1. Show the residues, 5+ positions off or on another chain, whose built amide H is closer than 5 Å to the amide H of K112.
2. What net charge is computed for the residues neighbouring E118, neighbours being all others with C-beta under 13 Å from the C-beta of E118, Lys and Arg scored +1, Asp and Glu -1?
3. Would you mind working out the magnitude of the charge dipole of the stretch 25-82 relative to its Cα centre, with +1 at each Lys and Arg C-beta and -1 at each Asp and Glu C-beta, to the nearest 20 Debye?
4. Give me the percent relative contact order of the chain, please, defined on Cα pairs under 8 angstrom at least 6 residues apart.
5. With the Cα gyration tensor of the stretch 12-97 in hand, convert its eigenvalues to equivalent ellipsoid semi-axes via √(5λ) and list them largest first in whole Å.
6. Measure off, as a whole percent, the carbon and sulfur share of the 1.4 Å-probe accessible area of the stretch 91-156, all protein chains present.
7. Please give the Cα centre distance for the stretch 98-126 versus the stretch 19-67, rounded to the nearest Å.
8. Connecting C-alpha atoms closer than 10 Å in a GNM of the chain, tell me which of T31, T77, T105 has the biggest fluctuation.
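The values are calculated or read from the model by the stated rules, or taken from the named source; none is laboratory data. Just so it is clear, the structure is predicted and the values come from calculations on it, not from any experiment. All Cβ positions, even for glycine, are placed from backbone atoms using ideal geometry, and neighbour counts span all protein chains on display. SASA here: full protein model, heavy atoms, side chains in, ligands and nucleic acids out. Shrake-Rupley method; radii C 1.70, N 1.55, O 1.52, S 1.80 Å.
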Amino acid sequence: MARKRAEGTASSNVFSMFDQSQIQEFKEAFTIMDQNRDGFIDKEDLRDTFAALGRINVKNEELEAMVKEAPGPINFTVFLTMFGEKLKGTDPEETILHAFKVFDTEGKGFVKADVIKEKLMTQADRFSEEEVKQMFAAFPPDVCGNLDYRNLCYVITHGEEKD
């Protein structure tokens, strides 16, 4: 009984980490990913979601690794908890901004996309070409090749673009 109560408390606390609009956005994302509409996201749901996004040849190992990140079957509460944990592990916005400012010698709020690409692919936890493409697809540089890192940092730490 105490364990059941503790589990209930843990799952209800995750809802206090987000405001109602964020929870609604997560619910919409969950519903899109739950392709078979059974209330759980499994390997086949992930495979179908990737296919809908144009990525057809996803390896079983990759899908299994994603599903194994969850402590059990992925219902909405587990899904929300996983995002809460990922976001909680994110550095504060100021820390991320400071890292980008090193490359913004003129203090304009932009850095050259090719410089960021080179650093991401050659330093620390190296990005693959595919990961860099995904980042630039989500945060495309402007016509001059500049990346608005302030907006990128805001989205990383808040989960949505500034108005």
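1. Counting only residues 5 or more places away or on other chains, the set is L147.
2. Computed value for this residue: +2.
3. The calculated dipole for the stretch 25-82 is roughly 60 debye.
4. Result for the chain is 18 percent.
5. That gives 24, 16, 13 Å for the three semi-axes.
6. Here carbon and sulfur together make up 56 percent of the probe-accessible area.
7. Spelled out, the Cα-based centre of one part sits 31 Å from the other.
8. T105
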